[in-house]
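What follows is a short report on a single structure.
The values are calculated or read from the model by the stated rules, or taken from the named source; none is laboratory data. Please read these numbers as outputs of a predicted model, since none were measured by experiment. Neighbour counts are summed over all protein chains in view; Cβ atoms, including those assigned to glycine, are modelled from backbone coordinates with ideal geometry.
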């Protein structure tokens with residue numbers, strides 16, 4: 001991997017929540033960071049909040065479900081920084097929490113296209129760069145979910161997409177092995193973001209009740225990703241779970 005001062009990370013979905021926290025943590029750890037998302041304004045606000053400069057950050061608007069937009073994103077990374085050492089596949093959406101038979105085709109496609117196809121398209125581009133650059137190699141970290149193995153009620157599109165991310169992670173780890181490319185996954189439970197804000201008022205449980213759930217500071221997720229990212233390329237965390245200690249996960253359902 002490149003020397004610490006020159007390492008380049010790309011974070012998708014970096015304008016809010018987990019992506020923003022991870023981008024800030026990587027920047028604080030000395031990485032040059034590319035922040036990608038659908039809209040520039042939130043990305044620019046994230047850069048300002050982390051104290052980024054034009055020398056160590058890049059903002060690029062892109063829809064990860066659009067192959068042409070993804071190619072443009074990675075071309076911009078190479079044009080600006082010359083290499084890519086880390087991809088954090090984070091961009092994701094969820095469908096409305098409704099019975100499975102009420103999920104529309106459009107809602108299903110929106111989740112799969114962003115959460116799974118978007119991660120695949122970004123991984124393809126990252127592999128091409130990492131195989132060719134000197135020094136060769138890099139790391140890809142996928143944002144999975146504990147819901148992939150232990151789903152919440154009425155979450156079929158999201159759960160299916162995140163379950164598939166685990167397969168993508170393992171395939172990438174295998175296919176990248178001979179090229180000094182590591183791939184791992186972080187499964188996150190109840191980080192404090194706008195997506196989990198309703199948990200403070202009560203979340204639907206498998207028994208039909210609604211319960212307030214514990215949440216954790218999203219900054220801890222950023223620190224965990226930095227820990228994975230800073231490992232030498234001969235070492236890999238294939239799977240990490242980080243969660244609010246008090247959330248109903250172990251034994252839930």
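For segment 24-38, residues that are free of Cβ contacts under 8 Å to residues at least 40 places away in the same chain and under 13 Å from the mean Cα position of the chain (by Cα) total 1. Does residue 111 count as part of a helix (DSSP H, G or I), closer than 22 Å to residue 127 by Cα and in contact (Cβ under 8 Å) with a residue 24 or more places away in the chain? Against the criterion (part of a helix (DSSP H, G or I), closer than 22 Å to residue 127 by Cα and in contact (Cβ under 8 Å) with a residue 24 or more places away in the chain), residue 111 does not qualify. One residue stands out in segment 41-60 among those that are assigned to a loop (DSSP other than H, G, I, E, B) and touching a helix residue (DSSP H, G or I) at 6+ places or on another chain (Cβ under 9 Å): the one that is farthest from residue 222 (Cα to Cα), namely 53.
What number of residues in segment 125-145 are assigned to a helix (DSSP H, G or I) and within 15 Å of the chain's Cα centre (by Cα)? It would help to see each step written out before you state the result.
Taking segment 125-145 as the starting set, the residues that turn out to be assigned to a helix (DSSP H, G or I) are 125-132.
Among the residues that remain, those that are also within 15 Å of the chain's Cα centre (by Cα) are: 126.
Within segment 125-145, residues that are assigned to a helix (DSSP H, G or I) and within 15 Å of the chain's Cα centre (by Cα) number 1.
So which residues in segment 61-91 are part of a loop (DSSP other than H, G, I, E, B) and more than 16 Å from residue 20 (Cα to Cα)?
Applying the first criterion (part of a loop (DSSP other than H, G, I, E, B)) to segment 61-91 yields 62-66, 82-85, 90-91.
Hits for segment 61-91 are 63, 64, 65, 66, 82, 83, 84, 85.
Count, please, the residues in segment 146-164 that happen to be assigned to a helix (DSSP H, G or I), touching a residue at least 24 places away in the same chain (Cβ under 8 Å), surrounded by fewer than 22 Cβ atoms within 10 Å (Cβ to Cβ) and touching a strand residue (DSSP E or B) at 6+ places or on another chain (Cβ under 9 Å). So the answer is 2. Listed conditions (1) out of contact with any helix residue (DSSP H, G or I) (no Cβ under 8 Å at 6 or more places or on another chain); (2) part of a helix (DSSP H, G or I); (3) modelled with pLDDT of 95 or more are all met by residue 196, apart from (3). With respect to residue 189, is the statement that it is buried (at least 17 other Cβ atoms within 10 Å of the Cβ), touching a helix residue (DSSP H, G or I) at 6+ places or on another chain (Cβ under 7 Å) and within 19 Å of residue 10 (Cβ to Cβ) true? No, not satisfied.
Only one of the numbered conditions (1) closer than 16 Å to residue 137 by Cα; (2) touching a strand residue (DSSP E or B) at 6+ places or on another chain (Cβ under 6 Å) is violated by residue 232, and that is (2).
Is it true that residue 8 is over 22 Å from residue 124 (Cβ atoms), touching a helix residue (DSSP H, G or I) at 6+ places or on another chain (Cβ under 9 Å), modelled with pLDDT of 95 or more and crowded, with 20+ Cβ neighbours inside 10 Å?
Values: over 22 Å from residue 124 (Cβ atoms): no; touching a helix residue (DSSP H, G or I) at 6+ places or on another chain (Cβ under 9 Å): yes; modelled with pLDDT of 95 or more: yes; crowded, with 20+ Cβ neighbours inside 10 Å: yes.
Here the answer is no, as residue 8 does not meet what is asked.
Scanning segment 165-193 for residues that are over 13 Å from residue 144 (Cα atoms) and assigned to a helix (DSSP H, G or I) returns 171, 172, 173, 174, 175, 177, 178, 179.
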